[in-house]
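Okay, so here's the structure we're looking at.
The values are calculated or read from the model by the stated rules, or taken from the named source; none is laboratory data. Everything numeric in this text was worked out from a predicted model, so none of it was measured. Cβ: placed from backbone, ideal geometry, glycine included. Neighbour counts: every protein chain shown. Protein only, heavy atoms only, side chains kept; ligands, DNA and RNA dropped before computing areas. Shrake-Rupley method; radii C 1.70, N 1.55, O 1.52, S 1.80 Å.
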Amino acid sequence: MSSVTTDKQAAALDPAIARAIKNIADETPEQETTDGFHLVIDALKLNGIDTIFGLPGIPITDLTRMAQAEGMRVISFRHEQHAGNAAAAAGFLTQKPGICLTVSAPGFLNGLTALANATTNCFPMILISGSSEREIVDLQQGDYEEMDQLAIAKPLCKAAFRVLHAQDIGVGIARAIRAAVSGRPGGVYLDLPAKLFSQTMEAAAGKASLIKVVDPAPRQIPAADAVKRALDLLKGAKRPLILLGKGAAYAQADADIRALVEKSGIPYLPMSMAKGLLPDTHEQSAAAARSYVLQEADVVLLVGARLNWLLSHGKGKTWGAEKGAKKFIQIDIAPTEIDSNVAIEAPVIGDIGSCVAALLAGMGSNWAKPPADWTGGIAERKEKNLSKMAQTLAARPSPMNFHSALAVIREQVRQRPDAMFVNEGANTLDFARSIVDMYEPRKRLDVGTWGIMGIGMGFAVAAAVVTGKPVIAVEGDSAFGFSGMEVETICRYNLPVCVIVFNNNGVYRGTDVNSSGTPDVAPTVFVKNARYDKLMEAFGGVGVHATTADELQKALAEAVASGRPTLINAVIDETAGTESGRITSLNPATAKKK
Ligand code: FYN
Ligand code: ADP
């Protein structure tokens, strides 16, 4: 682009003036310019961001083309929510903010669910949305896709910014990156009005306006007295327990976390996305004695886990309240998390890597292991549960039930511990969580803090794109419905994703009947004997209809070996499964009936 008058324009003027202009032009070197599109792309690339998950349309279509032309990977989805979920999962896996790019108003709103979910789960992502003209939006004059997106996004994310001038793009992206990854990670919204993209500025000045963020997630070293307080408490414990959350998985302090667990000899419980930080088969894992350890422990060390609903808020029967209060040590980067549900005796505030390293250093070389009656009692209960489970998994009923199908998947994951595992549903989620062991950190992606349905295909795409590893996505038939159309995306990019739909004909079960006498079916049932495998075939992938464990095993092994997009329609007994899975107590009607 040039800011100098062209020969054609000059010719239309008075010849003498035209000649004069031409002489000046000949002597003035053409100024190289850049524009808003390129400044956004350059700012992202400068900060090591190489992938955009999004959905093109006005006003960001050209941005997706140009980003691709400039060497970025652009993964286009069929719905923005899944692009947003992919960005969030990429953020969790890489510690870099995942980028989701959407059009204005409806596209933005579709992406917003994922942004809010990322924030809730402490995953770093940036939702970048094009927007309509400020002047028209602010006077509410009815622009194309008019919406005050910034105001709407603000309460649902960690930070929200708008850039109006090309020279501020560098600052806008830098602020968004820092907000997403520093402290407690989360979602950030960046509003880019359509006009910004075509604004031009001199290229050198544009380049100089960009910021390479230095130390975007600074380490936060815990105070020495906080570390000592925590160690003193842990030392005096008779029945200590370590609880690992997905914050611990995010922190990528794998070796030190393992060292802390092993050096202390303390039994540990992984929250679902912390599974694999240490292999689930580790002798100190108390996962198979969960209820027992939560009730009996006297001192609990929380590492990147919140005492929210998933942990019964740290109180009540789950925690054996009748046996006396527990004492908590909590490692977290967010000081305001402390005392959010129950009193925390020993908060250790800092990043998990630094906190765990400090605890390890403070433990010295002769740390006494927990009393044998505690570890022995756990081992006993664990053994009982494990052998009960082994018996259940050995059965081969026809049709398959959750256990027999998951036994096959468990074995495949054991053989390929490097594979990514995505999991959503109600019963499908709950059973898979305890049946499918994970062996490596950050391999399991699931419904997380909100228990949200619809993350499946977005997470699966991100898992494949970010890691290049085979992805096994185990989906309830209801859960799959939220993002099912993205199988086209999986085929389009030829991703090594094997989706297994646990098809029991409905939400929870397929047996509900409408007792009202009206012709509609009950609200929780689907078309019976649906063939989800045909969906994958429609786009050139492999579809398999599996009615037995052997068929499932063969199809899954082939899919993982070949890396071809595959969908296995796993037919599950429609009477299997319970309403709301293992969280029945949260379902008001069912809870009342009990
Ligand atoms: C666990 N268990 C095992 C094993 N692992 N037994 C044998 N072998 C193995 N490997 C036992 C464990 O000790 C528990 O038994 C039981 O299995 C269940 O373990 P889990 O899944 O860890 O524990 P629980 O109580 O179900 O977990 C609570 C929870 C979890 C809230 C953390 O339910 C959860 O993450 N829920 C999310 C649900 C959700 O989001 N749903 C989507 C909404 S769907 P006991 O020790 O005997 O108790 C809308 O309806
Ligand atoms: P889970 O659902 O597995 O229990 P949560 O999402 O509830 O896990 O908790 C994760 C916690 O980890 C959050 O409180 C968050 O502030 C914290 N966290 C995330 N990343 C880090 C980090 N790098 N260092 C310290 N704490 C972290």
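What number, rounded to the nearest 500 deg cm²/dmol, is the helix-based mean residue ellipticity at 222 nm of the chain, given -39500 (n - 2.57) per DSSP H run of at least four residues and division by all its residues? Please report the intermediate quantities before stating the final value.
Numbers: 25 runs with 249 residues, N = 594.
It comes out at -12500 deg cm²/dmol, rounded to the nearest 500.
Explain nothing, just compute: Karplus ³J(HN,Hα) = 6.51 cos²θ - 1.76 cosθ + 1.60, θ = phi - 60°, for every residue of the stretch 197-208 in order, whole Hz, x for Gly and Pro.
Result, ordered by residue: 5, 8, 5, 10, 8, 4, 4, 5, 5, x, 4, 5 Hz.
Using modelled backbone amide H atoms (1.01 Å from N, in-plane), which distant-in-sequence or interchain residues come within less than 5 Å of Leu301's amide H?
Residues meeting the amide H criterion: Leu241, Ile242, Leu243, Ile329.
Count the net charge of all other residues whose Cβ sits under 15 Å from the Cβ of Glu32, scoring Lys and Arg as +1 and Asp and Glu as -1. Display every interim value, and only then the final one.
Values: positive: Lys207; negative: Glu30, Asp35, Asp42, Glu202.
Overall, the nearby charge balance is -3.
Could you work out, for the stretch 221-300, what percent of all Cα-Cα pairs fall into each 5 Å distance bin, beginning at 0 Å and stopping at the bin that holds the largest distance?
Result, from short to long distances: 3, 15, 24, 26, 21, 10, 2 percent.
So if each residue of separation counts as 0.36 nm, and I subtract the Cα-Cα distance between Thr578 and Glu133, what length gain in nm does that give?
Numbers: separation 445, 0.36 × 445 = 160.20 nm, distance 5.04 nm.
Working it through step by step, the gained length comes to 155.2 nm.
Output wanted: per-residue J couplings in Hz (rounded whole) for the stretch 466-481, from phi through Karplus 6.51 cos²θ - 1.76 cosθ + 1.60, θ = phi - 60°, x for Gly and Pro.
After applying 6.51 cos²θ - 1.76 cosθ + 1.60, I find 6, 9, x, 8, x, 10, 10, 10, 9, 10, x, 5, 5, 4, 4, x Hz.
For the stretch 448-594, just run the numbers: alpha carbon Rg, then divide by 2.2 N^0.38 Å, N being how many residues it has.
On the way: Rg = 16.5 Å, N = 147, 2.2 N^0.38 = 14.7 Å.
Its radius of gyration relative to the 2.2 N^0.38 Å reference: 1.12.
Starting at the first residue of the stretch 121-135, write each ³J(HN,Hα) from the Karplus equation 6.51 cos²θ - 1.76 cosθ + 1.60 with θ = phi - 60°, in whole Hz, x for Gly and Pro.
8, 6, 9, x, 8, 10, 8, 9, 10, x, 9, 7, 6, 3, 4
Tell me, what is the FRET efficiency for Gln252 and Gln141 to the nearest 0.05, using R0 = 51 angstrom and their Cβ-Cβ distance as r?
The computed FRET efficiency comes out at 0.55.
Among the aspartates and glutamates, which have Cα under 13 Å from the Cα of Lys212 when same-chain residues fewer than 8 positions away are ignored?
The reachable aspartates and glutamates, counting only those whose Cα sits under 13 Å from Lys212, are Asp42.
Of the peptides 124-135, 352-363, how do they stack up when ordered by the mean number of other Cβ atoms within 10 Å, highest first?
Numbers: 124-135: 25.5, 352-363: 20.4.
Top of the packing list down: 124-135, 352-363.
Which FRET efficiency, nearest 0.05, do Ser387 and Ser340 yield, Cβ-Cβ r, R0 51 Å?
Details: r = 38 Å, r/R0 = 0.75.
The value I calculate is 0.85.
Rank by packing, highest mean first: peptides 67-73, 56-62, with packing defined as the count of other Cβ atoms within 10 Å averaged across residues. Numbers along the way, then the final one.
Values: 67-73: 14.6, 56-62: 17.9.
Listed from highest to lowest mean packing, they are 56-62, 67-73.
Under a 5 Å amide H to amide H cut-off, with H placed in plane at 1.01 Å, what residues pair with Phe161 once short-range neighbours are removed?
Distant-sequence amide H within range of Phe161: Tyr189, Leu190, Asp191.
Put a dot 7 Å past each Cα toward the Cβ at Arg531 and Trp309; how far apart are the dots in nm?
3.9
How big is the chain in terms of Cα radius of gyration and Dmax, in angstroms?
Gyration radius and largest Cα-Cα distance of the chain: 27.3, 102 Å.
What part of the accessible area of the chain, given as a whole %, is carbon or sulfur when the probe is 1.4 angstrom?
Numbers: 13640 of 25270 Å².
Roughly 54 percent of what the probe reaches on the chain is carbon or sulfur.
Can you give me the long-range amide H partners of Val542? Hydrogens built in the peptide plane at 1.01 Å from N, cutoff under 5 Å, separation of 5 or more residues or another chain.
Residues meeting the criterion, in which the H sits 1.01 Å from N, are Thr566, Leu567.
In whole Å, how far is the Cα centre of the stretch 404-450 from that of the stretch 464-536?
Centre-to-centre distance over Cα atoms comes out at 17 Å.
Taking the Cα of Gln295, stepping 7 Å toward and past its beta carbon, and measuring to each backbone N in the stretch 367-387: which are under 17 Å?
Only 374-386 pass the distance filter.
How many times 2.2 N^0.38 Å is the alpha carbon radius of gyration of the stretch 75-233? It would help to have the intermediate numbers written out before the result.
On the way: Rg = 17.8 Å, N = 159, 2.2 N^0.38 = 15.1 Å.
With N residues counted in the stretch 75-233, Rg over 2.2 N^0.38 Å equals 1.18.
Take peptides 158-164, 290-296 and line them up by average Cβ neighbours within 10 Å, highest first, as a rough protection proxy. Write down the numbers at each step before the final one.
Details: 158-164: 19.3, 290-296: 17.7.
Going by the mean number of other Cβ atoms within 10 Å, highest first, we get 158-164, 290-296.
Over the alpha-carbon set of the stretch 224-377, work out the extent along each principal axis and list the three values in angstrom, largest first.
Projected onto the principal axes, the Cα atoms of the stretch 224-377 cover 35, 35, 29 Å.
On a straight-distance basis, which lysines could pair with Lys327 in a cross-link, Cα separation under 17 angstrom, same-chain partners fewer than 8 positions away excluded?
Filter leaves Lys228, Lys235, Lys238, Lys315, Lys317.
For the chain, what is the accessible area per residue in Å², given a 1.4 Å probe and the full set of protein chains?
Numbers: 25270 Å² over 594 residues.
For the chain, the solvent-accessible area averages 43 Å² per residue.
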